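Reading through the structure tokens given below for one structure.
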Amino acid sequence: MPPARAAGRLARAALLTVVFICAACGLVYELALVALGSYLIGNTAAQASIVLGVMVFAMGIGALAAKPLQRKAALSFAVIELILALLGGLSVLALYAAFAWLHLYTFAMVGVALVVGGLIGAEIPLLMVLLQRIRKQDAGSAVADLFAADYVGALLGGLAFPFLLLPVFGQIKGALVVGGVNAVAGTILVFTLFRKDLSVRGKIGLGIASGAVAVLLGFAFVFSSSFEAGARQAMYRDPVVYAQQTKYQEIVMTEEFSWEGSADFRLFLNGDLQFSSVDEYRYHESLVHPVLAGSRSNVLVLGGGDGLAVREILKYPDVSTVTLVELDPAMTDLARTDERISTLNGHALDDPRVTVVNADAFTWLREATAGYDAIVVDMPDPDETATAKLYSIEFYGLVSSVLAPGGRMVVQSGSPYFAPKAYWCIGETLAEAGLATVAYHVDVPSFGDWGYFLAVPGDTPPTPALDPPPGLKFMDQGLLQASTAFPLDRPKLDLQASTLMDPVILEYAQGEWRDY
């Protein structure tokens, strides 16, 4: 093969490799914006639709805007890649800051998606010009080569984001690393294959710009942990004493000490309060003890990875087994090993009667066969796409299918005062799943007015009753009876049941809690 032809093939391969890398980086930027929105705002479907819709639109505008740049394709491509690397790399950090301090997340996210999408869209026309400069070929073949590298690179980015970048670097550092890769790939291509297209001034300017981008991304990488800690603290009233981003959620614990020496220790998942150590006993006594007034040899807990519901269950000596199904192993590990939580739950997860299963409750129930005397459904609120399925007809049907004859279940159902539509939607969903219910609610100061549904299969609602162990601090028979009455300004609402295919509860929950 003639040397010139071999050099041409090598140059084409190098350019297509850069196309591959840039496509991977571009998709990572998109996925990072979707993931960040789902963590901070919830409703993954809406976040994905907004980000992808805006970015695809912007890519079209960017492709059109790149037409005048084709006269200086090499320099223009290098500059676009440097800007894209800087903005894409800093995008997660900037949006987190907008959310934590400015409360302007949605507007900022749309703006970032427009700019980043426009820059990604400008890449392809310029790369097409550069590809044709190496070797002229018909338009169809050039497009095929370019798009093949682009689509395969997108596959790499799609796989690298959840399986490499997030576990190893996290959201902020992962985006910064990708920005660095993006900048290096673009500038190396231009400085090696198309350096003759650059003037002396262009080479100097591009070199300075490359160095500046490298310094900014490196500086952001070094100080990203400090920034993240500061931004996180800005979202919480009390000092943050623990924070971890797991595969499934962000776990944050805060603690405040009073002058009297007492502590208010709080657990948050994805920003939502799960309990306060000051009054969590009110919530958990109300959740657990009404459902255990009957057979209770074998008890199933769905959710409740903090072990506090299990603590209440273990107060009954005639409980033989407790099975806890919690998705996130990091949460159950924390409930065992963190002194604050393990002291609060009485080391419940270490009790020999307790079996911990780290699995998705929906999937686990499809394979479960044991009959449980009582089931406690203690799931996070249905204000995110991932949790909405746990408040569906299908889910409650699966839960009731593993009840033993005469068994009962209880569902934590949010606030009938602050979120009445979401609350009564849960009741209707349980009814559509073939369960008769009793609604009740209590006052938990850190939550406000909080409600539950006690449910049994069939048409006859259960009778609220207690067979309590000694030592309860809040719940008794009189309070339980009173808790089934609702005020005139919060009457029962007739609403549509929530299903997997039509999760109306997500809309209810997000719309109502947005006002508080």
- Where the centre of each part is set by its Cα atoms, how far does segment 291-330 sit from segment 467-516, in angstrom? 21 Å
- Assign one of three labels to segment 222-279, namely rounded, prolate or oblate, based on the Cα gyration tensor with a ≥ b ≥ c the square roots of its eigenvalues; rounded applies when a/c is under 1.5, prolate when it is not and a/b is larger than b/c, and oblate otherwise. oblate
- Name the shape class, rounded, prolate or oblate, that the alpha-carbon gyration tensor gives for segment 261-367, where a ≥ b ≥ c are the square roots of its eigenvalues, rounded holds for a/c under 1.5, and otherwise prolate holds if a/b is larger than b/c and oblate otherwise. oblate
- Report the net charge of residues surrounding LEU292, where surrounding means a beta-carbon distance below 12 angstrom and charges are Lys +1, Arg +1, Asp -1, Glu -1. -2
- Query: What list of ³J(HN,Hα) couplings, whole Hz, do you get for segment 38-43 from phi and the Karplus terms 6.51, -1.76, 1.60, once you set θ to phi - 60° and write x for glycine and proline?
  - Reply: 5, 5, 8, 9, x, 6
- Item | Helix-only CD estimate at 222 nm, as mean residue ellipticity for the chain, using -39500 (n - 2.57) per DSSP H run (n ≥ 4) | -18000 deg cm²/dmol
- Message: Exposed loop sites here are trypsin sites (Lys or Arg not before Pro) in DSSP loop states with at most 16 other C-beta atoms within 10 Å. What is the longest stretch of the chain lacking them?
- Response: 1-134
- Net charge, ALA185 excluded, C-beta distance under 13 Å - Lys, Arg +1, Asp, Glu -1: -2
- Note on the structure: Using alpha carbon centers only, segment 87-135 is separated from segment 351-414 by a whole-angstrom value of 42 Å
- Item | Kirkwood hydrodynamic radius of segment 456-516, Cα pairs, Å | 15.5 Å
- Item | Local electrostatic count, GLY170, Cβ distance below 13 Å [Lys/Arg +1, Asp/Glu -1] | +1
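Accessible area per residue for segment 53-172 in Å², computed with a 1.4 Å probe and the full protein assembly in place, what is it?
Using a 1.4 Å probe on heavy atoms only, each residue of segment 53-172 averages 47 Å².
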- Enter the per residue convex hull volume of the chain, computed from alpha-carbon coordinates, in Å³ rounded to the nearest integer. 181 Å³
- On the protein heavy atoms, probe 1.4 angstrom, tell me the percent of accessible surface of the chain carried by carbon and sulfur. 63 percent
- Task: Give the accessible surface of segment 389-442 per residue, rounded to a whole number of Å², with probe radius 1.4 Å and ligands, DNA and RNA excluded.
- Result: 26 Å²
- Note on the structure: Of all DSSP beta bridges having both residues in the chain, the percent classed as antiparallel (nearest 5) is 60 percent
- Task: Report, in cubic angstrom per residue, the convex hull volume of the C-alpha atoms of segment 381-510.
- Result: 124 Å³
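The values are calculated or read from the model by the stated rules, or taken from the named source; none is laboratory data. None of the values given here were measured: they were computed from a predicted structure. Backbone-built Cβ (ideal geometry, glycine too); neighbour counts: all protein chains shown. Ligands, DNA and RNA are stripped out before the accessible areas are found, and what is left, the full protein with its side chains, is counted by its heavy atoms. Shrake-Rupley method; radii C 1.70, N 1.55, O 1.52, S 1.80 Å.
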